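The values are calculated or read from the model by the stated rules, or taken from the named source; none is laboratory data. Just so it is clear, the model here is predicted, and its values are computed rather than measured. Backbone-built Cβ (ideal geometry, glycine too); neighbour counts: all protein chains shown. Quick note on the areas: whole protein, heavy atoms, side chains included, nothing else; ligands and nucleic acids left out. Shrake-Rupley method; radii C 1.70, N 1.55, O 1.52, S 1.80 Å.
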Amino acid sequence: MAYLPSNITLLGTFLVIILFFTNHRITLGFGASNTTDSPAGFLECLTVELQSSNSATSHLIYTPNNSSYATLIQIENQRPAATFPEKPLLIFTPFYEHQIRLAIHCSKKLGVEIRLRSGGHDYEGLSSASEVTFMVVDLRNLRAVKIASNEKTAWVQAGATLGQLYHTLAQKSRTLAFTAGVCPTVGVGGHISGGGYGMMSRKHSLAADNIVDARVMNSDGQILNRRSMGEDLFWAIRGGGGTSFGIVLAFKVNLVTVPETLTVFNVTRTSEQNATQLVHRWQYIADKVDENLLLRLFLRSVTSPVTGNRTVIASFTTLYLGGVQDLLPLMKQQFPELGLVEKDCTEMSWIESVLFFAGLQNKPLDVLLETAPPSRQYFKGKSDYVQEPIPLDGLQGIWRFMHEEDEMGSRLELSPYGGVLNSFSESETPFPHRSGNIFIIEYGVYWHSSKGNNEEQGDQKHIKWMRRLYSYMATYVSKNPRAAYINYRDLDLGMNNNSAGNTTTCYEQARVWGMKYFKNNFQRLVRVKTKVDPTNFFRNEQSIPPYAAISVYSS
């Protein structure tokens, strides 16, 4: 459990002084008291509630006037902060679960929405920017990881990052692992509740498929476990996103056993080295190879050192759950076109492979404990599922689009399905993307925003490029619905009516984007939402709505 700083008493007294002056209508720079468009009212409410519950208030509340606020509000993708008009009134960083109830109480009292954040990697930044007045409950201090090696399970608090989870596992065992994503600064709460694809997913499925229990706080401040929440809500948070239904505080997950020795490689080929044909061939085998083998593919446009012209570079980035002597004959049999040889491969432990795929090889293991994203830039992402191989001329069309953007400015990530992912039905969890999918495409375009009058125009240039590519791809991807992955959130698919004071979202309006993420599971998610949060207290621009909602806020 995280410790409380030694200067609690001094800072707590300081906040009491602020509260005294606020009650006497002296604003101290916060604005008028009891308004929902300034931090003062919420600060007053939350401070009173914390003190009445004998909770220290220092290092818990950050307003725009606090020097740490600007750092805490930073997220990986800088674009939403430039797009949405509202920034959080304040950021609340509780050390204990019961303190979150106080934020819920003040939210209801003052009509201020709550947004939840664990790692800050939401692609559209919905944890840190909005169209409406809101405050953030940042779970960064709720990050405990408790391993039960004999049971091969772990309790992981939602504020932990994947890197912190992996680091803790490595201290316990060389062969205990967890199947989840490769970016170590991603927060556990959002990643797992949305599905959680990773380099072992063809063998051990998704992170969400390995949840066996959870702790969730509802809108009344009650903490529920699997037994008390019921199987409907437990089903919903395993792939339906946690922030629509309550505040996921922790997950209990099954761990997996991996060999002591794994093999990785990253083989790159350019267009001049037959990359187009290799990508074309990869589509026919990626979901069918041995389930211990995951062949991920990254595509970028670069300048050829040979011709000086733009060329596509394909990186076949791979994990094999076994040794190199077993991998080589497997690759020779199933993907001989790549021409893999032993010198391309490196044997290592699972935790070393975590560093490898995060681009942190040769770094000390403690680098996994860092929580700040390695870089912050402007970004727009989308996703698609592919069920039939894209023909060669279709690939050539993609290359032409990629050459339009700056060198290395765009990236396509192709992640294979198949293996154990096919053993789950579409309705077993809210995550419906199972049998029939060859791979998922994550589209990404990255830029550093220009300064001055052309800033918005420059941003729109990249976003329009992404939308044109997405339109071009319609011929080659899933249809009815055109599917997408909730962890690659995309507000272009549709948004709820989240204007100030509005707690209702039309079912048909939300169904537009909901069917793309969840297919027929969307209807069941709406039924669960209606049951557990009928007033739509937990909401954002793309949250699951109830069938009908009434105002939860006091007049």
Residue span TRP155 to MET348: 0.36 nm per residue of separation minus Cα-Cα distance leaves a gain in nm of 66.8 nm
Relative contact order %, the chain, counting alpha carbon pairs below 8 Å whose residues are six or more apart: 14
Probe radius 1.4 Å, ligands and nucleic acids left out: which of SER349, SER228 has the largest accessible area, and how do the rest follow? SER228, SER349
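Quick one: dipole size for the stretch 239-392, taken about the Cα centre, charges +1 on Lys/Arg Cβ and -1 on Asp/Glu Cβ, in debye to the nearest 20. Before the final figure, lay out each step's value.
Working: 13 positive and 15 negative charges, 133 e Å.
Here the stretch 239-392 has a charge dipole of around 640 debye.
Per the helix-only calculation at 222 nm, which mean residue ellipticity applies to the chain, given -39500 (n - 2.57) for every DSSP H run of n ≥ 4 and division by its residues, nearest 500 deg cm²/dmol? Could the numbers behind the result be given before it?
Numbers: 17 runs with 169 residues, N = 555.
Here the helix-only value at 222 nm equals -9000 deg cm²/dmol.
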So how tilted is helix 507-518 from the main axis of the chain? Cα-based, degrees 0 to 90, rounded to 10. 40
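Among DSSP beta bridges whose residues both lie in the stretch 46-158, state the antiparallel percentage, nearest 5.
Values: 7 of 14 bridges.
So the antiparallel bridges amount to about 50 percent of the total.
Among LYS203/LYS252; LYS172/LYS531; LYS109/LYS461; LYS146/LYS288; LYS87/LYS516; LYS343/LYS479, which pairs are too far apart, with a Cα-Cα distance over 31 Å? Show your work: numbers first, answer last.
Working: LYS203/LYS252 20 Å; LYS172/LYS531 40 Å; LYS109/LYS461 42 Å; LYS146/LYS288 36 Å; LYS87/LYS516 28 Å; LYS343/LYS479 42 Å.
LYS172/LYS531; LYS109/LYS461; LYS146/LYS288; LYS343/LYS479, as the Cα separations exceed 31 Å there.
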For TYR547, the accessible surface traced by a 1.4 Å probe with all protein chains present amounts, in square angstrom to the nearest 10, to 110
Mind checking the stretch 149-188 for chymotrypsin sites (Phe, Trp or Tyr not before Pro) that DSSP puts in a loop (not H, G, I, E or B) and that have at most 15 other Cβ atoms within 10 Å? none
Whole-number accessible area per residue in Å² for the stretch 128-282, which is evaluated in the context of all protein chains at 1.4 Å: 31
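Roll a 1.4 angstrom probe over the protein heavy atoms and tell me the percent of accessible area of the chain that is carbon or sulfur.
On the way: 10950 of 22270 Å².
Carbon and sulfur together cover 49 percent of it.
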Ranked from the most accessible area to the least, with a 1.4 Å probe and all protein chains present, what is the order of VAL306, VAL341, VAL112? VAL306, VAL341, VAL112
Lys/Arg +1, Asp/Glu -1 at C-beta; the chain dipole; positive extreme among THR93, LEU395, TYR385: THR93
Paramagnetic label zone (point 7 Å from Cα along Cα-to-C-beta, ASP326; backbone N under 19 Å) in the stretch 137-177: 174-177
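Expected output is a single nm value to one decimal: the length gained when fully extending between GLN387 and ARG482, i.e. 0.36 nm times separation in residues minus the C-alpha distance. What is it?
On the way: separation 95, 0.36 × 95 = 34.20 nm, distance 1.10 nm.
Taking GLN387 through ARG482 to full extension adds about 33.1 nm, to one decimal.
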Selected from ALA358, VAL136, PRO373, residue furthest toward positive end of dipole (the chain; charges at beta carbon): VAL136
Accessible-area value, HIS105, 1.4 Å probe, nucleic acids and ligands omitted, Å²: 80
Tell me whether the stretch 66-150 comes out rounded, prolate or oblate; compute the Cα gyration tensor, take square roots of the eigenvalues as a ≥ b ≥ c, and use a/c under 1.5 as the rounded threshold. oblate
Once you put a point 7 Å from the Cα of GLU86 and another 7 Å from the Cα of THR475, both along the Cβ direction, what distance in nm separates them? 4.3
Could you give the dipole magnitude of the stretch 77-223 about its Cα centre, charging the beta-carbon of Lys and Arg +1 and that of Asp and Glu -1, in debye to the nearest 20? 440
List the residues, sorted by chain then number, that are 5 or more residues from THR161 or on another chain and whose placed amide H is less than 5 Å from its amide H. VAL188
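Any chance you could run the full-extension gain for THR175 through GLN333? It's 0.36 nm times the residue separation minus the Cα-Cα distance, nm to one decimal.
Values: separation 158, 0.36 × 158 = 56.88 nm, distance 2.80 nm.
Length difference between fully extended and current span is 54.1 nm.
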Residue farthest toward the positive end of the dipole of the chain, with Cβ of Lys/Arg at +1 and Asp/Glu at -1: which of VAL289, SER68, PHE431? PHE431
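Treat every Asp and Glu Cβ in the chain as -1 and every Lys and Arg Cβ as +1, leave all other atoms uncharged, and give the resulting dipole magnitude about the Cα centre to the nearest 20 debye.
Values: 52 positive and 49 negative charges, 124 e Å.
Magnitude of the dipole: close to 600 debye.
Nearest 5 percent is fine: what portion of the DSSP beta bridges confined to the chain is antiparallel? Could you put the intermediate results ahead of the total?
Details: 65 of 73 bridges.
For the chain, the DSSP antiparallel bridge percentage is about 90.
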